[in-house]
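> One structure is given below, represented as structure tokens, and several questions about it will come after.
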Amino acid sequence: MIKANGLVSITDCDKDDILRILDLAEQFEKHPNPHLLDGKLVATLFFEPSTRTRLSFETAVQRLGGRVIGFSDAATSSSSKGETLHDTIKMVSNYVDLIVMRHPVEGAARYASEVAGVPVINAGDGANQHPTQTMLDLYSIKKTQGRLDNLTISMVGDLKYGRTVHSLLQAMQYFNPTYNFVAPPELRMPEQYRLFCEEKGLKYKEETDLNAVLKTSDILYMTRVQQERFTDPVEYEKVRNTYTLRNSMLEDTKDNLRILHPLPRITEIAADVDANPKAYYFEQARNGVFARQAVICSILGLV
Ligand code: CP
């Protein structure tokens with residue numbers, strides 16, 4: 001369950017936790033509560049770049065009456081002078097009620113939650129987890145489909161390094177999904193997640209051709225090839241433009257199909273898709289404010 005020491009992995013949440021966060025997000029969307037976080041201070045510590053996650057967390061806090069401190073570039077913090085993550089987290093724990101952290105190292109959020117004196121929310125740790133993105137993804141799926149159960153979800157692109165698909169795959173275990181994993185061989189869904197599906201009895205197919213899954217999908221979850229995770233630029237060049245979804249490809253798709261993307265997009269969704277009513281990625285990002293309000297208030301015991 002979501003604990004008083006924060007949210008590090010989506011696997012910390014059971015089905016009831018997830019449904020409760022989605023209900024709370026709906027409440028925050030319908031009834032903004034401008035004083036719930038009065039007197040609370042939240043730190044956003046971003047050791048990796050971000051637009052949506054940091055700004056939606058900060059929007060979530062400030063719209064509820066709380067205040068934010070932090071950094072968006074580790075180069076401006078004393079970690080650039082060699083201060084350890086341990087000491088940074090210990091220090092910031094002295095100042096705030098809650099820490100939101102993004103870090104390039106897998107497991108950094110777990111470590112931070114173990115040394116912090118306040119709850120820690122993982123805003124992305126390397127290729128591992130992005131649990132609050134998953135909450136907003138689930139909220140977006142529920143809003144657009146009217147349900148979470150029995151959906152065909154096609155995950156497309158960088159399934160190796162994409163932390164958002166790893167978290168989403170695990171969260172959907174409670175809702176009987178059928179997965180299509182669409183990726184070039186170099187970026188296929190890692191074995192640990194395929195084994196997870198097998199252990200949980202989740203149906204999945206692997207494809208390399210995006211066209212093969214378009215007609216049967218309820219959710220098309222596009223992802224960016226994560227350039228920053230590649231050690232060899234030549235390997236990145238080989239796969240960077242594998243998939244581009246174009247408006248013309250959506251003609252025979254299901255009426256209820258919605259296209260999600262955690263963003264930023266590079267070339268994987270052409271601009272001509274944006275005007276299609278099936279494109280939902282900008283609304284999806286907006287839902288991040290409500291989902292993060294729900295997570296923050298739940299962890300702080302305010303709802
Ligand atoms: N979806 C997401 O994590 O976007 P940012 O990297 O801009 O925060």
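> Residues in segment 280-291: is at least one over 27 Å from Asp149 (Cβ atoms), within 16 Å of the ligand (Cβ to nearest atom) and out of contact with any strand residue (DSSP E or B) (no Cβ under 9 Å at 6 or more places or on another chain)? Working first, answer last.
Narrowing segment 280-291 to residues over 27 Å from Asp149 (Cβ atoms): none.
The answer is no; no qualifying residue exists.
> Consider only pairs whose beta carbons are under 6 Å apart and that are at least six residues apart or on different chains; among these, list those whose first residue lies in segment 128-142 and is more than 12 Å from the ligand (Cβ to nearest atom) and whose second residue is of a type in the set (D, E, K, R) and modelled with pLDDT of 95 or more.
Asn128/Glu106; Asn128/Arg163
> Provide a single number: the residues in segment 220-261 that are within 16 Å of the ligand (Cβ to nearest atom) and open to solvent by less than 20 Å² (accessible area, probe 1.4 Å). Quick ask: steps written out before the conclusion?
So in segment 220-261, the residues within 16 Å of the ligand (Cβ to nearest atom) come out as 221-229, 259-261.
With open to solvent by less than 20 Å² (accessible area, probe 1.4 Å) added as a condition, the list becomes 221-223, 225, 259-261.
Residues that pass the stated criteria total 7.
> Find all pairs meeting these conditions: Cβ atoms under 9 angstrom apart; at least six residues apart or on different chains; first residue within segment 236-251 and in a helix (DSSP H, G or I); second residue among the acidic types (Asp, Glu) and surrounded by 15 or more Cβ atoms within 10 Å (Cβ to Cβ).
Matching pairs, first to second residue: Val239/Asp158.
> Return the residue satisfying two criteria in turn: it lies in segment 143-153 and is within 14 Å of Asn176 (Cα to Cα) and not in a loop (DSSP other than H, G, I, E, B), and of such residues it is nearest to the chain's Cα centre (by Cα).
Of segment 143-153, the ones within 14 Å of Asn176 (Cα to Cα) are 147-153.
Checking which are not in a loop (DSSP other than H, G, I, E, B) leaves us with 152-153.
Values: Thr152: 19, Ile153: 16 Å.
Across segment 143-153, the extreme among qualifying residues is Ile153.
> Related question: Filter segment 75-127 for residues that are out of contact with any His (no Cβ under 8 Å at 6 or more places or on another chain), in a helix (DSSP H, G or I) and β-branched (Val, Ile, Thr) and give the result.
Those that are out of contact with any His (no Cβ under 8 Å at 6 or more places or on another chain), in a helix (DSSP H, G or I) and β-branched (Val, Ile, Thr): Thr76, Thr88, Ile89, Val92.
> Suppose we keep only residues that are of a type outside the set (Val, Ile, Thr) and assigned to a strand (DSSP E or B) within segment 163-209. Which one would you say is most open to solvent (accessible area, probe 1.4 Å)? Walk me through how you get there before you give the answer.
Filtering segment 163-209 down to residues of a type outside the set (Val, Ile, Thr) leaves 163, 166-177, 179-181, 183-207, 209.
Subset that is assigned to a strand (DSSP E or B): 179-181, 203-207.
Numbers: Tyr179: 1, Asn180: 7, Phe181: 3, Lys203: 96, Tyr204: 63, Lys205: 114, Glu206: 76, Glu207: 51 Å².
Among residues in segment 163-209 that are of a type outside the set (Val, Ile, Thr) and assigned to a strand (DSSP E or B), the one most open to solvent (accessible area, probe 1.4 Å) is Lys205.
> Looking at segment 31-40, which of its residues are surrounded by fewer than 20 Cβ atoms within 10 Å (Cβ to Cβ) and touching a helix residue (DSSP H, G or I) at 6+ places or on another chain (Cβ under 9 Å)?
Initially, segment 31-40 is screened for residues surrounded by fewer than 20 Cβ atoms within 10 Å (Cβ to Cβ), giving 31-36, 38-40.
Listed by number, the residues that qualify are Pro32, Asn33, Pro34, Leu36, Lys40.
The values are calculated or read from the model by the stated rules, or taken from the named source; none is laboratory data. Just so it is clear, the model here is predicted, and its values are computed rather than measured. Using ideal geometry, Cβ is built from the backbone for each residue, glycine included, and neighbour counts are taken over all protein chains shown. Areas reflect the complete protein model, heavy atoms only, side chains present, ligands, DNA and RNA absent. Shrake-Rupley method; radii C 1.70, N 1.55, O 1.52, S 1.80 Å.
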